[in-house]
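As structure tokens, the structure follows; a few thoughts come after it.
The values are calculated or read from the model by the stated rules, or taken from the named source; none is laboratory data. Source: prediction; values computed, not measured. Neighbour counts run over all protein chains shown; Cβ positions are idealised from the backbone, glycine included. Side chains are part of the model used for accessible areas, which takes the heavy atoms of the whole protein and leaves out ligands, DNA and RNA. Shrake-Rupley method; radii C 1.70, N 1.55, O 1.52, S 1.80 Å.
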Amino acid sequence: MKIKMLNMDTINKIAAGEVIIRPVSVIKELVENAIDAGATRITVDIEAGGKNKMIVRDNGCGIAYHEVPLAFKRHATSKLTSIDDLETIESLGFRGEALSSVSAVARVQVTTCNDSEEVGSITLFEGGTLVDQRVCSYSHGTEMKVWDLFYNTPARRKHLEKDKKEEDLIRDLLEKLALSNPKVAFHVISNGRSVLNTPGSGNFSDVISTLYGEKVASQLIPIQFENSPMKLTGFIGELTTMRSHREDQIFFINGRYVKNSHLSQALDSAYEGYTMKHQHPFGIVFIELPGRMLDVNIHPAKTEIKILNESLVMLLFKQGIRETLRDANLVVDIGGWENQKSKVKNVPSEHNNEPKELPKGISNPDRFDLEKNQTLNNLKVNKDNSEGQNFSQTTLFEEKGLEKIAENPGAFRIKDKVSSPQIKAARPDFTKMKIIGQLFNTYILLEGLKEIYLIDQHAAHEAFLTRELEDVFDCGAVIPSQGLMAPITLKIRPKDIEKILNTLETYKKLGYDCDVFGEDSLIIRSVPVFLGEPQSSDLLKNLINEDLSEIEAVHQEGQWLYSSKIKDKIILMACKAAVKGGQTLTNQEMHGLLEGLMRLDNPFTCPHGRPIITRLREYELMKLFKRVV
Ligand code: ADP
Ligand code: MG
């Protein structure tokens, strides 16, 4: 790596702006530099939310003695030569501005040793000026110590939030960096306490376990989707991981964390029919797109990426998530819905234990990738060594002490065993299972291989009927109806007549052929037929009593198809028509219901997002009866 000055033309094309706004901005730049330097282990040590002190230590390639001053110059970078490289850039940095910006507003001490050099160096910058540089002994890698942030810009210091808030911002950022860099072991210490420790095993699910807990990690569905030019990987949550917020919807585009509300909306809408109202799925999704479809150069801190042709990207994204869901086995175990709480972030336990490192030479097979396949002497150079300098040999020792603290965090335990999200077994075929019978006249009890299933007959029937009615609507047809031998007359309120007249066409599409008669009557000539059964006129009564303005609005806009309001009506019709709980079913009827269910893309939840199926494994029964320990 050679650090060079960018030429003026390139400089002018790079998005300019204030990069260092608060402590987290410093941490972001320093940690991204460490990652770009090939570090496999990064320690971040902050005090008072970074306001007092921030240290970022890495085992990356280090900076050569004579290159240190250059690295702190504006527009000096080893990562970009010309603006054309931006399309293919793989490093997180490329602007060559961060170190100069940080050193301009703080005191910075860099201790580093480049891979190609025998000795390291220790250099102090104050307000952007190099104050001292000397040779020192240092193991390979780099340590950046930043303190007195904004000491020379008091106005900016006043704008900082409380320590806790600044710390949270830093933790949040590091969690995202840890997710996108599973091969890097991140160790974060705040006020001497270890707050985050990822193993750096290269296994993405290990990071998820560390951040969210093993339980959440075991309830995730791996994504492997490719539809040129997009590739998706990562994990989405099973139905038991729904949240009331969108904080756990995290997206990366070509390895960079991005904030993009359209992606969140697309994720939510891909789960339509799987979730209840106001629920948001869990998802950590890595999106790969060709560089030409992106502009990474629109924001100085690079947190925003512009997606060119965004609507196509959203469409493909949604399709990818939808397909992943469609192929997953989303059966929820009995009791599984209980842990559906809001954010369940892992808090490091207070146990003493060192982070686990892999012995040298043993590369950890990337478990996620495997699944995908079926799915880190003190020679004085500067003459001025005044006593008042803020760094000296003593400072180095103090820093060694910190290193000790870092190596013995004393407050974190890495779990040896982490459960990894598995590729789910193929969907069970309920039609091939033995029907044990009907339970409480409400649930169908099935025996599968070493497991039993309970199916809510009403929810199942409702899901099936909804699909059937939607299919009819989707192809522009009307729901089949059957003429009545004796037409039924319904009494209606005269003030509703005009609305009803405007809605007759919709009723017709829904299978009700009717006409207004006189001042206060509606004659029903035919009723819809579901599953070969003519339906009662009750449904129509219900529709009429419903908020007619909704149906009317749909009619006025001329939107017959794909209207969510029509869809709501369809769901309502299906709900009313479906067998109820408490209704006795024959074996044949139960079998018919199971067959219908198997034809659905989503046999797991009813249109309202409530569960249809739950499972009890034989193994759980054995545990319950103490047959196993
Ligand atoms: P950029 O990251 O955009 O290149 P920076 O100002 O962040 O610009 O860094 C300037 C240069 O200093 C980098 O290009 C890199 O060569 C070097 N550098 C910075 N931090 C590190 C580090 N932790 N390890 C090795 N080299 C580093
Ligand atoms: Mg940088």
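Quick look at the values:
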read-out: Meets criteria (assigned to a strand (DSSP E or B), closer than 30 Å to ALA104 by Cβ and more than 15 Å from the chain's Cα centre (by Cα)) for GLU143; value: yes
read-out: Check on ILE83, at pLDDT below 90 and away from ligand 1 (no atom under 12 Å from the Cβ); value: yes
read-out: One residue from ILE21, ILE42, ILE27, ILE35 being more than 8 Å from ligand 1 (Cβ to nearest atom), among the β-branched types (Val, Ile, Thr) and modelled with pLDDT under 95; value: ILE21
read-out: Selection within region 498-522 - basic (Lys, Arg) and within 26 Å of LEU465 (Cα to Cα); value: LYS508, LYS509
read-out: Filtered residues of region 614-629 (kept if out of contact with any Asp or Glu (no Cβ under 8 Å at 6 or more places or on another chain) and either of a type outside the set (A, V, I, L, M, F, W, C) or within 30 Å of SER269 (Cβ to Cβ) (or both)); value: TYR619, LYS623, LYS626, ARG627
read-out: Hits in region 244-262 (condition: under 10 Å from the mean Cα position of the chain (by Cα) and open to solvent by less than 20 Å² (accessible area, probe 1.4 Å)); value: ASP248, GLN249, ILE250, PHE251, PHE252
read-out: Only one of GLN374, GLN422, GLN438 that is within 41 Å of the chain's Cα centre (by Cα), modelled with pLDDT under 85, among the polar types (S, T, N, Q) and under 30 Å from LEU593 (Cα atoms); value: GLN422
read-out: Residue list for region 86-114, filter: in a helix (DSSP H, G or I) and modelled with pLDDT of 70 or more; value: ALA98, LEU99, SER100, SER101, VAL102, SER103, ALA104
read-out: Any hit, region 45-54, residues being within 14 Å of ligand 2 (Cβ to nearest atom) and either assigned by TED's automatic domain parsing to the domain that holds ASP163 or in contact with a Leu (Cβ under 9 Å, 6 or more places away or on another chain) (or both); value: no
read-out: Test for GLN559: is it farther than 22 Å from ASP538 by Cβ and either touching a strand residue (DSSP E or B) at 6+ places or on another chain (Cβ under 9 Å) or at pLDDT 70 or above (or both); value: no
read-out: LYS495, sole failed condition from (1) under 21 Å from ALA577 (Cα atoms); (2) loosely packed, with under 15 Cβ neighbours inside 10 Å; value: (1)
read-out: Matching entry among SER205, SER228, SER218 (being surrounded by fewer than 22 Cβ atoms within 10 Å (Cβ to Cβ), touching a Ser or Thr at 6+ places or on another chain (Cβ under 7 Å) and at pLDDT below 95); value: SER218
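Residues are listed down the side, and each one gets a yes or a no for (1) at pLDDT below 90; (2) within 19 Å of ARG246 (Cβ to Cβ); (3) outside any loop (DSSP other than H, G, I, E, B):
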| residue | (1), (2), (3) |
| --- | --- |
| PHE286 | no, yes, yes |
| THR303 | yes, yes, no |
| LEU312 | no, no, yes |
| PHE317 | no, yes, yes |
| ILE321 | no, yes, yes |
| ARG326 | no, no, yes |
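One line per residue, one yes/no per condition, for (1) within 16 Å of ligand 1 (Cβ to nearest atom); (2) assigned to a loop (DSSP other than H, G, I, E, B); (3) not small (Gly, Ala, Ser):
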residue	(1), (2), (3)
PHE150	no, yes, yes
GLU161	no, yes, yes
LYS164	no, no, yes
GLU167	no, no, yes
LEU174	yes, no, yes
LEU177	yes, no, yes
LYS183	no, yes, yes
VAL195	no, no, yes
ASP206	no, no, yes
